[in-house]
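Quick note: the coordinates plus some simple rules give every number you see, no bench work behind them. Note that the structure is a prediction, hence the values are computed from the model and not measured. Counting neighbours? That spans all protein chains shown, and the Cβs are built from the backbone with ideal geometry, glycine included.
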Amino acid sequence: MNLAVDYALFKTLLLVALLPPVPMLLLAGWGGWRLKRQRRGGGWLLGAALVLAWLSTTTAAGELLSRASRLPKALSAAQIDAMRGRVHGAVLVLGGGVHGHVPEYDGPAPMRLTAERLAYGVWLARRTSWPLAYSGGIGWTATRLRRPEAEVVARVAAEDYQLPLRWQESRSRDTRENASHTLPMLAAAGVKEVVLVTDDAHMRRALRAFETEAAPLGLRIVAAPIGLEDDGVSGLTDWCPSVEGFARVRNLVYETLAWWAGR
């Protein structure tokens, strides 16, 4: 196997081991093993595993993790209004994955995160009158994907939103390559200000990569995160298991690990 395949396999296996619910299952197994052999701490370990497993499926845990990470705030109406009178700007949507084939469309289609990012990017582009760009190739772990994300999203933007992409970058495999491949292209086209659209959990890592690349090019990066919560912790249902809560916690844990890894 080549280096890219080896890295993809290593990353996939590592994420399986580190992302919920596997750590909780391993902790529960350890606690059960200690209980069976009447060793100290087994009950506490098993109890902790069950509590963590429950919390990992709740919106509240996701919101608390988001607050602890001090993620950027959503763009305000005043900020968006101020952009309308400025020129040399662009709205850049970052890739979040695509399905290689969706039966109902009989072809590739954006995954949920990508669809949400694109919808907000289109919304911003129409309100600022700034052109739309998209960055996304075939990620390290997307070994079954045959077409780059940007090609799939370009079709959706043009056909479903009637807003063709001005720029599309289709070579990047991760966030750092999103920045290194896309920003020089935008700078060469005369862009001075980039509104960066991605989900809130990913934004901190994206800003680190993009601001590093933007500084020598003289570009200004404006964070435009999606997926933020107004509250997320005060309701009873916020502390109950849900598909949305589990997905949010997993995404936040993934992004935290990626931040520490410097990817």
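So if R0 is 30 Å, what FRET efficiency would Met111 and Trp33 give, r being the distance between their Cβ atoms, rounded to the nearest 0.05?
It comes to 0.20.
From the backbone phi of segment 76-93, what are the Karplus-calculated ³J(HN,Hα) couplings (6.51 cos²θ - 1.76 cosθ + 1.60, θ = phi - 60°) in whole Hz, Gly and Pro given as x?
Whole-Hz 3J(HN,Hα) from phi for segment 76-93: 8, 4, 5, 5, 5, 4, 5, 6, 4, x, 9, 10, 6, x, 8, 9, 10, 9.
How large is the dipole of the chain about the Cα centre if only Lys and Arg carry +1 and Asp and Glu carry -1, each at its Cβ, rounded to the nearest 20 debye?
In total the dipole reaches around 880 debye.
Dipole of segment 77-226, Cα-centred, from +1 at each Lys and Arg C-beta and -1 at each Asp and Glu C-beta, to the nearest 20 debye?
Magnitude of the dipole: close to 300 debye.
Evaluate the relative contact order of segment 77-226 (contact order divided by residue number), counting alpha-carbon pairs under 8 angstrom at least 6 apart; express in whole percent.
25 percent
Be a star and scan segment 87-106 for residues whose amide nitrogen sits under 20 Å from the point 7 Å along the Cα-to-Cβ vector of Asp160.
Output list for this probe position: 91-106.
Towards the positive end of the charge dipole of the chain, with charges on Cβ (+1 Lys, Arg; -1 Asp, Glu), say which of Val98, Ser56, Leu132 has the farthest Cα.
Ser56
How would segment 181-232 be classified by its alpha-carbon gyration tensor: rounded, prolate or oblate, with rounded meaning a/c under 1.5 and the a/b versus b/c comparison settling the rest?
Prolate is the answer for segment 181-232, as a/c is 1.5 or above and a/b outweighs b/c.
Sticking to Cα atoms, compute the Rg of segment 77-226 to one decimal and its Dmax as the biggest Cα-Cα distance, whole number, in Å.
Here Rg and the maximum Cα pair distance are 14.4, 45 Å.
Can you sort Glu159, Glu149 by how many other beta carbons sit within 10 Å, fewest first?
Going from least to most buried by this count: Glu159, Glu149.
Name the residue from Thr175, Thr143, Ala115 whose Cα lies farthest towards the positive end of the charge dipole of segment 77-226, charges +1 on Cβ of Lys and Arg and -1 on Cβ of Asp and Glu.
Of the options given, the answer is Thr175.
Pull up all non-local amide H partners of Gly96: gap of 5 or more, or a different chain, and H-to-H distance under 5 Å with H placed in the peptide plane.
Thr114
Checking the a/c ratio against 1.5 first, then a/b against b/c, what shape does the Cα gyration tensor give for segment 162-201?
rounded
Round to the nearest 0.05 the FRET efficiency obtained for Arg208 and Trp54 when R0 = 51 Å and r is the Cβ-Cβ distance.
After rounding, the FRET efficiency stands at 0.95.
First measure r as the distance between the Cβ atoms of Cys240 and Arg84, then evaluate 1/(1 + (r/R0)^6) with R0 = 41 Å and state the FRET efficiency to the nearest 0.05.
That pair, Cys240 with Arg84, gives E of 0.45.
Highest mean first, what order results for 34-46, 84-96, 215-227, 199-211 on Cβ atoms within 10 Å?
199-211, 84-96, 215-227, 34-46
Could you pull the Cα extents of the chain along its three principal axes, largest to smallest, in whole Å?
70, 48, 42
Give a residue-ordered list of calculated ³J(HN,Hα) values for segment 167-176 (Karplus: 6.51 cos²θ - 1.76 cosθ + 1.60, θ = phi - 60°; whole Hz; x for Gly, Pro).
Values, residue by residue: 9, 9, 10, 10, 9, 6, 10, 7, 5, 4 Hz.
Quick one: check the C-alpha center-to-center distance for segment 222-258 versus segment 67-145, whole angstrom.
18 Å
Quote to one decimal, in nm, the extra length available between Ser76 and Arg127 on full extension: 0.36 nm per residue of separation minus the C-alpha distance between them.
17.1 nm
Quick query: amide H of Glu169 versus all other amide H atoms, modeled in the peptide plane; which residues come in under 5 Å with a sequence gap of 5 or more or a different chain?
Correct list: Tyr134, Ser135, Gly136.
Run through segment 48-133 and list the chymotrypsin sites (Phe, Trp or Tyr not before Pro) located in a DSSP loop whose Cβ has at most 12 other Cβ atoms within 10 Å.
Within segment 48-133, the qualifying chymotrypsin sites (Phe, Trp or Tyr not before Pro) (loop, at most 12 other Cβ atoms within 10 Å) are Tyr105.
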